[in-house]
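Only one structure is covered here, and it is reproduced in the block below.
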Amino acid sequence: MATTTSLYDTGLWGYLEPRFEEKYNVELDVIYAGTGKALEYGRRGDVAIITVHSKAREEQFVAEGYGVARMPFAYNYFLIVGPEADPAGLKGLNPEEAFQKLMETGGGSFVSRGDDSGTHSKEKSIWKNAGYAYEEVQPAGSWYIEAGTGMGPTLMMASEKQAYTLTDLGTFLIYRGKLELVPVVDKGDILLNVYSAIVVSPEVIPEAKIEMANNLIDFLTSPEIQELISNYGVEEYGRQLFIPCAGAEPK
Amino acid sequence: MPFIETVNLGQKYGERDILKNINLRVERGEVFALIGPTGAGKTTLLRLIDLIDMPATGKIYFDGVDTAESAKVRLATRRRMAFVLQKPVVFNRSVYDNVACGLRWRGMKGSDLRTRVDGILEMVGLSADKSRNARTLSGGEVQRVAIARAIAVEPEVLLLDEPTANLDPVSASRIEELVTSIIRHYTTTIIMATHDMSQGQRLADRLGVMMSGELLQTGDTRDVFTLPRNREVAEFVGVENVIDGVVVSSEDRVVTIDSGGRFIEAISDHAVGVEVSACVRPEDITLALSRVSSSARNSFDGEVRWVVSMGPFTRVEIDCGFPLVALVTRKSAGEMGLAKGQKVFAAFKATGVHVIKRN
Amino acid sequence: MIELWHGLTRAIELIVTLDPEVMEIAGRSLQISVTSALLASAICLPLGVLIHFRRFPGKRVLVSLIQTFFSIPTVAIGLFVFVLFSRAGPLGGLDLMFTPLVMVLGQMILITPILLGLTIAALSGVDKAILDTARSLGASGFQAAVVALREARFAVMAAVIMGFGRAISEVGIALMVGGNIRGFTRVITTAISLETSRGDLELSLALGIILISIALIINIILNRIQQR
């Protein structure tokens, strides 16, 4: 299985993996990759199942015939984080307004993942909703920094440069102690972050693995595991990391 | 003020003293030869004078300036000298570049440099080879390149370490000629080390005799050869007859030395009872088949033990109570028909005897 | 296998069309690694002469220590430089994190042991008398060092090439302290790692092929210089 970095960084997979292995008596190999790379692994048939968070690309992946179906199993929210001082004055705005303000008035740097990950896709769609083509954002100025790296390093860079960035909640909570960053914008429909699992098409991978991949989907959406997902991290981070949604697209 | 002066200079290799209390003075413009057997410390001393190594003890004054003052002084002083090492190495570059390097380091360039280097190459006879890689040269040619690049910088002091030691006789005499012409055409002060005492005699104004890390005697070339200070120097400078004895009488500076019942007369200030060595150079001894009355105060009868022909001379070893070596012309040896076992009379003047006090 | 072929054709296409982004990344790679190789050489070559020809206690230990550091992992240096220059670090005030300058610094640290070690090895073929001769002819310490290095020029050149090769091919330092920022600190290796994670294997391969080509061209040029 290939999983997006945020599900790995938060430790959710490390938590679920032994339970699945015990239940089905199977060895589960988890590969850590951004959404783009995870999808590529799927296309190449290197993995049997992927857990990612980029709706549009997931749908494209299924439409192209590489995946059987999208199965949302949990969600949380993205948020824009930045320096405590909030030099660009983004607090209280919605994501689109925040991006517009960054673009128009400046006053703050923004570190982009720049790696075609799910988070990067989300960032692009916010830019689109804010009324900018991504091609005009990239060369907008030295305040727009394309890190081309994972969520954790991107957060570290944003902290070093005292810049804003878009992050998923889980990774931010885990890195929070090492960062000089605080949540700036955390409300807005567009910030919804849905994790789904997709079984790779039997045309790409052997039949035998399909069965176990389906077992994994059943496992993820079972009430017992959904409960575990719901409670995961609450004790450690004092906040719910994932909201289970057992196969239904959240509203 | 001497041009170069060393004061109590000493050098150690680990715990071992390889140079002890060297007090040397060299005047500007003179040719000074350090002579002594291999291992006497000549190279060590030259390296110290050239400021390549730091001495363990003592001082070196160059033109009145203490060279230990600073690294800057040492470099500036070293640039007034040039040193040809005993086994010269050439840089892996052309002959021209080898000769030019010292000048380049001193900032010379352009046509000045070319003119100077070409002139020097002409002088040492290597003009035709100037583009060759110096690594491909023969031993004698390497030695010429080494001397050429040293004199190219027109040093005030030229240091030569055994300039002919590793060469065949033809190359050696060529190098010696080159050194002679440098001495004639430049006013450079030269300090050279050689284990060949005749070379020292031929080239130098003054000599310093070194043995076991010590400078035993310095002086005019003639003085060192005729008046060695002690037995070691005497033996090294070729005084083959060193006869031990005791002064038994002294009158008006004429002393009589008793050597095992044979009495040698000599000129000396040593008092009666002093243990001495009488030095007689083989060429100062005359041989005859019968006792002749001559002005020579000393005349001994003896038996020829060995006769060796040495070019124009014949070396004769005689036993006359003590061993005595004489050098006679080949002609007179032939006339006398000298052969082993023959009875001869050996005579030498009291003034031909140099008396050294024994330790 | 088909990807290798696509990568190759893509590489040729990107090079022939002088793709501005690829050229920019390749140019930056060259600029940063050449700078670090030159700066490190300027320090290591004279230092190598000093270490090789001077006698001092602990010399053997020092030399074997230098050799040990040949294989120091790039991420270890990346981490070290990161800790040093990050905002909370002792040199954080210089604000050098995620700049080409700090990448150069990291690469210099990386290749210093290689340059130093190989320079010392190169000089073992140089007679000590060469140094004495140079000094006796009036060379300053630095001029004498140049002579010794020139005597061993082929081996010294090889050391510099090795250092440059290690600098341009490393990814750990460039990623950790450079940050792979597009248009600023993105170099070939970090771009490859990014494109691979994006799933664009063809572009990754193309960049890899460009990297190898750069190494090849530099080797050819240096070989030519040596033959002269």
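Remarks
- All positions within segment A:155-180 that are in contact with a helix residue (DSSP H, G or I) (Cβ under 7 Å, 6 or more places away or on another chain), in a loop (DSSP other than H, G, I, E, B) and open to solvent by less than 50 Å² (accessible area, probe 1.4 Å): A:Leu179
- Scope segment A:201-240; condition among the aliphatic types (A, V, I, L, M), touching a Phe, Trp or Tyr at 6+ places or on another chain (Cβ under 9 Å) and either outside the structural domain of A:Leu28 (by TED's automatic domain parsing) or closer than 19 Å to A:Gly42 by Cβ (or both); matching residues: A:Val204, A:Met212, A:Leu216, A:Ile217, A:Leu220
- When B:Val308, B:Val304 are checked against the criterion of being over 31 Å from the mean Cα position of the chain (by Cα) and either without any contact (Cβ under 8 Å) to a residue 60 or more places away in the chain or in a strand (DSSP E or B) (or both), a single residue qualifies: B:Val304.
- Single residue of segment A:66-105 satisfying the filter (hydroxyl-bearing (Ser, Thr, Tyr), outside any loop (DSSP other than H, G, I, E, B) and in contact (Cβ under 8 Å) with a residue 24 or more places away in the chain) that is surrounded by the fewest Cβ atoms within 10 Å (Cβ to Cβ): A:Tyr77
- From the options A:Ala69, A:Ala74, residue that is in contact with a Cys (Cβ under 9 Å, 6 or more places away or on another chain) and away from chain C (no Cβ under 14 Å): A:Ala74
- Test set (1) within 24 Å of B:Thr44 (Cα to Cα); (2) within 13 Å of chain C (Cβ to nearest Cβ); (3) of a type outside the set (Gly, Ala, Ser) - B:Thr194 fails condition number: (2)
- The residues of segment C:30-54 that are crowded, with 20+ Cβ neighbours inside 10 Å and within 18 Å of C:Ile109 (Cβ to Cβ), listed by number, are C:Ile32, C:Ser33, C:Ser36, C:Ala37, C:Ala40, C:Ser41, C:Cys44, C:Leu45, C:Gly48.
- Qualifying residue in segment C:141-152 (condition: open to solvent by 60 Å² or more (accessible area, probe 1.4 Å) and more than 14 Å from chain B (Cβ to nearest Cβ)): no
Here is a yes/no grid of residues against (1) under 16 Å from C:Arg166 (Cβ atoms); (2) in contact (Cβ under 8 Å) with a residue 60 or more places away in the chain:
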{"position": "C:Ala191", "(1), (2)": "no, yes"}
{"position": "C:Ala206", "(1), (2)": "no, yes"}
{"position": "C:Ile209", "(1), (2)": "no, yes"}
{"position": "C:Ile212", "(1), (2)": "yes, no"}
{"position": "C:Ala215", "(1), (2)": "yes, no"}
{"position": "C:Ile220", "(1), (2)": "no, no"}
{"position": "C:Asn223", "(1), (2)": "no, no"}
{"position": "C:Gln227", "(1), (2)": "no, no"}
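- Of all residues in segment C:153-189 being closer than 29 Å to C:Ile225 by Cβ, in a loop (DSSP other than H, G, I, E, B) and open to solvent by less than 30 Å² (accessible area, probe 1.4 Å), the one that is farthest from the other protein chains (Cβ to nearest Cβ): C:Glu170
- Contact annotation: residue pairs with Cβ atoms under 6 Å, 6 or more positions apart or on different chains, pairing a residue in segment C:1-13 that is open to solvent by 70 Å² or more (accessible area, probe 1.4 Å) with a partner that is outside any loop (DSSP other than H, G, I, E, B) and not aromatic (Phe, Trp, Tyr), are C:His6/C:Glu202.
- Residue within segment B:148-157 that is exposed (fewer than 14 other Cβ atoms within 10 Å of the Cβ) and under 31 Å from the mean Cα position of the chain (by Cα) present: no
- Positions within segment C:66-86 being among the hydrophobic types (A, V, I, L, M, F, W, C), within 14 Å of C:Ile173 (Cβ to Cβ) and open to solvent by 20 Å² or more (accessible area, probe 1.4 Å), in sequence order: C:Ile72, C:Val75, C:Ala76, C:Leu79, C:Phe80, C:Phe82, C:Val83, C:Leu84
- Residue that is nearest to C:Met103 (Cα to Cα) [pool: residues in segment C:190-209 that are within 8 Å of chain A (Cβ to nearest Cβ) and assigned to a helix (DSSP H, G or I)]: C:Thr190
- Matching residues, segment B:72-131, being assigned to a helix (DSSP H, G or I), surrounded by fewer than 20 Cβ atoms within 10 Å (Cβ to Cβ), among the basic types (Lys, Arg) and within 13 Å of chain C (Cβ to nearest Cβ): B:Lys72, B:Arg74, B:Arg104
- Every condition in (1) more than 14 Å from chain C (Cβ to nearest Cβ); (2) open to solvent by less than 40 Å² (accessible area, probe 1.4 Å) is met by A:Gly152 except one, and the failing one is (1).
- Subset of segment A:119-149 (residues that are under 15 Å from the mean Cα position of the chain (by Cα), open to solvent by less than 10 Å² (accessible area, probe 1.4 Å) and away from every other protein chain (no Cβ under 12 Å)): A:Thr119, A:Glu123, A:Ile126
- Meets criteria (of a type in the set (D, E, K, R), open to solvent by 70 Å² or more (accessible area, probe 1.4 Å) and assigned to a loop (DSSP other than H, G, I, E, B)) for B:Arg229: yes
- For segment B:290-320, filtering for residues that are surrounded by 13 or more Cβ atoms within 10 Å (Cβ to Cβ) and closer than 9 Å to B:Ala346 by Cα leaves 7.
- Residue that is in a helix (DSSP H, G or I), of a type outside the set (Gly, Ala, Ser) and open to solvent by 30 Å² or more (accessible area, probe 1.4 Å), where the choices are B:Val170, B:Val179, B:Val145: B:Val170
The values are calculated or read from the model by the stated rules, or taken from the named source; none is laboratory data. Everything quoted here is computed from the prediction, not taken from an experiment. Please note: Cβ atoms are built from the backbone with ideal geometry, for glycine as well, and neighbour counts cover all protein chains shown. Heavy atoms of the whole protein, side chains included, go into the accessibility calculation; ligands, DNA and RNA do not. Shrake-Rupley method; radii C 1.70, N 1.55, O 1.52, S 1.80 Å.
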